[in-house]
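S.K.: Have a look at this one before I ask anything.
The values are calculated or read from the model by the stated rules, or taken from the named source; none is laboratory data. As the structure is a prediction and not an experimental result, all values here were calculated from the model. A quick note on method: Cβ atoms are made from the backbone with ideal geometry, for glycine too, and the neighbour counts reach across all protein chains shown. Each accessible area value is taken on the protein alone, full model and side chains, heavy atoms only, with ligands, DNA and RNA left out. Shrake-Rupley method; radii C 1.70, N 1.55, O 1.52, S 1.80 Å.
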Amino acid sequence: MTADALRARAARLREEIEQHNHRYYVLDDPLITDAEFDRLFRELQDLEAAHPDFVTADSPTQRVGGIPAAEFSQAAHRQPMLSLNNAFDEVEVEAFDRRIREALGIDVVEYAVEPKFDGLAISLVYEGGVLVRGATRGDGYTGEEVTANLRTVRSIPLHLPAGAPDVVEVRGEVLMLRADFEQLNRKQQEQDGKLFANPRNAAAGSLRQLDSRITAGRKLTFYAYGLGFAEGLQQFKKHNQVIDFFKKNKFLVAPECAVVQGLPGLLEYYQRIGSARDGLPYDIDGVVYKVNSLAAQQQLGFVSRAPRFAVAHKFPAEEASSVVLGIDIQVGRTGALTPVARLQPVFVGGVNVTNATLHNEDEVRRKDVHVGDTVVVRRAGDVIPEVVRVSVPGPRRAEDCFEMPVLCPVCDSQVVRSEDEAIARCSGGLYCSAQRKQALLHFASRRAMDIEGLGERLVDQLVDLDLVRTPADLYTLNEQRLAGLERMAEKSAANITAAISKSRNTTLARLIYSLGIRNVGESTARDLAAHFGTLEALSQAGLESLQQVSDVGPVIAESVAQFFAEPHNREVIDGLQSAGVHYEPIAPRPVATGAAVGRIFVLTGTLPLLTRDDAKARIEAAGGRVTGSVSKKTDFVVAGAEAGSKLEKALALGLTILDEQGLLDLLEKKE
Ligand code: IVH
């Protein structure tokens with residue numbers, strides 16, 4: 001055969017193999033035997049081995065995994081991957097439906113309804129019909145690029161059929177089917193490998209492998225449920241048409257996807273899926289309701305980080321009974337003392353539970369929990385297990401009653417509880433080794449400085465041996481020091497010092513978050529970073545300028561100012577900086593040169609993602625001006641949902657109207 005003919009043969013084989021993959025993994029209706037499939041696959045492998053230039057990124061041979069990666073790279077999402085609000089009972093579902101009916105002004109809403117998969121949210125980007133990027137959700141804005149691993153998932157098409165849109169992002173859930181999970185655990189047991197507690201953990205562990213060959217050996221499955229951004233895609237009117245588009249493009253979608261009318265339709269669906277739940281091939285933790293009309297979705301928009309047009313109706317959390325063996329006190333990062341029930345191990349919600357939180361002193365009293373009682377324990381999804389109530393009281397001797405200690409059980413400092421707070425706190429601050437440990441764990445955590453391998457056991461030793469007092473001390477550790485510790489092989493000591501060293505190069509948002517300032521979570525840290533640009537600017541900001549940041553009110557402003565007023569904290573920051581911790585400074589707002597410079601904007605209605613303050617800040621940063629009323633001098637009217645008279649006037653004057661995307665595009669445009 002000529003080279004051209006061989007190349008054509010390879011292309012033909014790729015096509016055929018992918019068709020058989022689809023029949024097998026998506027339609028569950030294979031046409032050929034496994035042996036026949038293997039023969040085709042081997043032929044393609046041989047051809048590609050002989051002619052490496054035949055290999056394409058979307059070749060099915062790439063599904064077996066490749067060279068291990070040193071680390072995952074970060075993948076910024078072009079559109080944030082948001083989360084869903086939850087409804088825990090019918091009353092909350094009713095309220096959801098009422099809000100929608102009122103906002104849309106209609107009597108009966110049509111909903112697309114789906115199972116809520118208990119897996120991991122994933123984004124797949126196809127360009128020119130080829131899968132070019134797969135990423136985890138991460139914090140919703142930036143995830144981890146796991147393309148090589150996702151290519152091994154057989155139900156993910158490596159390319160789309162002809163006629164695919166130029167660019168399309170498909171979102172959905174990667175999970176492990178129950179049967180595949182059982183099989184994996186059997187295999188792990190035989191090989192003395194690690195057992196996974198539940199399919200979700202197994203899926204997460206399999207996807208976060210740097211060696212994609214390991215992922216390829218685990219059976220993962222992908223279900224599509226939503227579109228991200230798209231270019232050159234036909235306009236859909238309804239969500240169920242999007243689902244049909246997925247099917248036509250060879251994605252797997254849940255067969256339970258349906259369309260129902262109004263509240264009765266929702267509740268019936270909930271019942272139906274609830275009774276079918278145990279027989280489904282995958283774990284679900286509820287159902288999802290989405291307004292079916294995409295125009296109505298647009299109109300409803302988003303509140304903070306979740307859409308108004310959808311809700312997750314959760315199944316009740318799993319409960320089990322166990323005996324309280326003791327009540328311990330845990331000291332948290334901010335000194336909060338939390339009573340925790342030590343339990344006889346019990347399997348609930350997919351994991352073995354040995355501890356369950358009692359939240360605080362008042363809750364222990366209210367629930368009247370004593371050591372020796374039999375209690376109901378609840379665990380839902382990823383949340384910490386909790387004690388719900390006493391089912392059978394124990395002997396209740398005098399010593400079985402819980403008392404909040406007056407001194408911190410870790411550092412002996414006074415425990416204080418202010419009148420208006422339910423939480424008792426250790427007053428030891430960073431003198432308290434428990435608080436120091438928690439602060440270090442937070443500093444090293446994935447969303448903060450992301451120091452892999454710096455876990456609880458190691459931090460305990462580092463603090464107990466006084467090798468590390470503050471986060472800055474971490475950067476003074478060397479391999480020899482670490483290798484001397486318990487259960488620390490040379491190799492892991494090297495890995496950890498490498499991970500610590502790597503974390504020097506970070507982002508301002510992560511650095512702010514890692515400091516553990518009270519009331520400053522990830523998203524606030526991100527807002528502060530974008531606003532101030534440098535740690536110096538943030539540390540010098542007064543209460544007033546802090547409150548200019550969107551979503552920062554007096555409470556957060558006070559926490560931030562207090563944090564930086566504390567000399568000890570300034571020392572730690574200096575220490576970090578002299579240890580070489582650095583970030584790419586966020587460019588101070590450049591002298592604007594874009595298409596918005598000098599233009600006058602009017603904002604009206606509710607935008608899907610941006611708050612009005614955000615939109616205004618962005619326009620101003622790009623050199624534009626925002627005014628309150630529409631006139632002939634207005635250049636652009638940015639209109640969102642429920643835009644009223646201003647929009648009418650703009651239309652009458654023939655002004656340029658932008659939607660949110662239009663605004664964002666314009667702000668990016670250089671003149
Ligand atoms: S839609 C803007 N549909 O739930 C809404 N999410 O709490 C985006 N999930 O991170 C989500 N099944 O991992 C949607 N049928 C479904 C889902 C689903 C599971 C997960 C998803 C997301 C989380 C949101």
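S.K.: With a 4.7 Å Cβ cut-off, tell me which Cys residues in the chain come up empty for a partner.
M.R.: So far as the 4.7 Å Cβ criterion goes, Cys257, Cys401 stand without a partner in the chain.
S.K.: Still on this structure, please answer the following. Suppose we keep just the DSSP beta bridges with both residues in the range 590-660; what percent of those would be antiparallel, to 5?
M.R.: Taking every DSSP beta bridge with both residues in the range 590-660, the antiparallel ones total about 10 percent.
S.K.: Among the trypsin sites (Lys or Arg not before Pro) in the range 333-433, which ones are in a DSSP loop with at most 10 other Cβ atoms within 10 Å of the Cβ? Mind listing them?
M.R.: Arg397
S.K.: Next up: Per 10 Å bin, what is the whole-percent P(r) computed from every C-alpha pair distance within the range 82-125?
M.R.: 20, 44, 26, 10
S.K.: Using only C-alpha atoms and all pairs of different ones, pull out the Kirkwood radius for the range 385-467 in Å with one decimal.
M.R.: About 15.8 Å for the range 385-467.
S.K.: Of Lys250/Lys502; Lys116/Lys247; Lys248/Lys290; Lys247/Lys290; Lys250/Lys290; Lys116/Lys219, which sit over 29 Å apart, Cα to Cα?
M.R.: Checking Cα-Cα distances, Lys250/Lys502 exceed 29 Å.
S.K.: Sticking with this one: Could you bin all the Cα-Cα distances of the range 554-671 into 5 Å bins starting at 0 and give me the percent of pairs in each, rounded to whole numbers?
M.R.: Pairs per bin, as whole percents: 2, 10, 16, 16, 13, 8, 9, 9, 8, 5, 3, 1, 0.
S.K.: Just to confirm the filter: which chymotrypsin sites (Phe, Trp or Tyr not before Pro) across the range 76-133 are DSSP coil and have at most 15 other Cβ within 10 angstrom of their Cβ?
M.R.: When the chymotrypsin sites (Phe, Trp or Tyr not before Pro) of the range 76-133 are filtered for loop state and at most 15 Cβ neighbours within 10 Å, Phe88 remain.
S.K.: Moving on to the next point. With every protein chain in place, what's the accessible area of Lys219 (1.4 Å probe, Å², nearest 10)?
M.R.: Result for Lys219: roughly 110 Å² accessible.
S.K.: Along each of its three principal axes, how wide is the spread of alpha-carbon positions in the range 160-306, in whole angstrom units, largest first?
M.R.: Cα spread of the range 160-306 along its principal axes, largest to smallest: 54, 40, 32 Å.
S.K.: Another question, then. Stretch Ala422-Glu127 to full length: gain in nm at 0.36 nm per residue minus the Cα-Cα span?
M.R.: Full-extension gain reported as 100.9 nm.
S.K.: Using only the Cα atoms, what convex hull volume per residue in Å³ does the range 244-315 have?
M.R.: It comes to 120 Å³ per residue, whole-number rounded.
S.K.: While we're here: Excluding Thr357 itself, what net charge comes from residues whose Cβ is under 13 Å from its Cβ, given Lys and Arg +1 and Asp and Glu -1?
M.R.: Here the count lands on 0.
S.K.: Taking R0 as 30 Å, what FRET efficiency do you get between Gln19 and Asp278 from their Cβ-Cβ distance, rounded to the nearest 0.05?
M.R.: FRET efficiency, Gln19 to Asp278: 0.35.
S.K.: Once you have the Cα-Cα distance between Asp574 and Arg213, take 0.36 nm times their residue separation minus that, and quote the gain in nm to one decimal.
M.R.: Going from the current span to full extension adds 125.7 nm.
S.K.: Where in the range 204-227 does the amide nitrogen come within less than 16 Å of the point 7 Å from the Cα of Ala197, taken along Cα to Cβ?
M.R.: Only 204-206 fall inside the zone, counting backbone N under 16 Å.
S.K.: Sort largest first and round to whole Å: the equivalent ellipsoid semi-axes of the range 272-356, each the square root of five times a Cα gyration tensor eigenvalue.
M.R.: 37, 22, 8
S.K.: Just the number please: accessible area per residue for the chain, 1.4 Å probe, all protein chains included, in Å².
M.R.: Heavy-atom accessible area per residue stands at 50 Å².
S.K.: If you split all Cα-Cα distances of the range 335-392 into 10 Å bins from zero, what percentages do you get per bin, shortest first?
M.R.: 23, 57, 19, 0
S.K.: Now for a separate question. Kirkwood Rh over alpha-carbon pairs of the range 27-83, then Stokes-Einstein at 25 °C and 0.890 mPa s: what D in µm² s⁻¹, rounded to an integer?
M.R.: The Stokes-Einstein estimate is 164 µm²/s.
S.K.: Give me the extension gain from Gln548 to Glu102: residue separation times 0.36 nm, minus the current Cα-Cα distance, reported in nm with one decimal.
M.R.: Fully extending the segment from Gln548 to Glu102 adds 157.2 nm.
S.K.: Which helices, counted as full DSSP H runs in the chain, have an axial Cα extent of no less than 30 Å and a Kyte-Doolittle average of 1.0 or above?
M.R.: Once both thresholds are applied, nothing remains.
S.K.: Sort Tyr289, Tyr24 by accessible area with a 1.4 Å probe, largest first.
M.R.: The residues order as Tyr24, Tyr289, largest area first.
S.K.: Can you pull out the GluC sites (Glu not before Pro) in the range 383-477 that DSSP calls coil and that have at most 13 other Cβ atoms within 10 Å?
M.R.: Those that pass, being in a loop and sparsely packed, are Glu403, Glu419, Glu421.
S.K.: Just to check, using Stokes-Einstein with a Kirkwood Rh over alpha carbon pairs, what's the diffusion coefficient of the range 57-169 at 25 °C and 0.890 mPa s in µm²/s?
M.R.: 144 µm²/s
S.K.: I would also like to ask the following. If packing is taken as the mean number of other Cβ atoms within 10 Å per residue, what is the order of 147-156, 68-77, highest first?
M.R.: 147-156, 68-77
S.K.: Over the Cα atoms of the chain, Rg to Rh with Kirkwood Rh, two decimal places?
M.R.: 0.98
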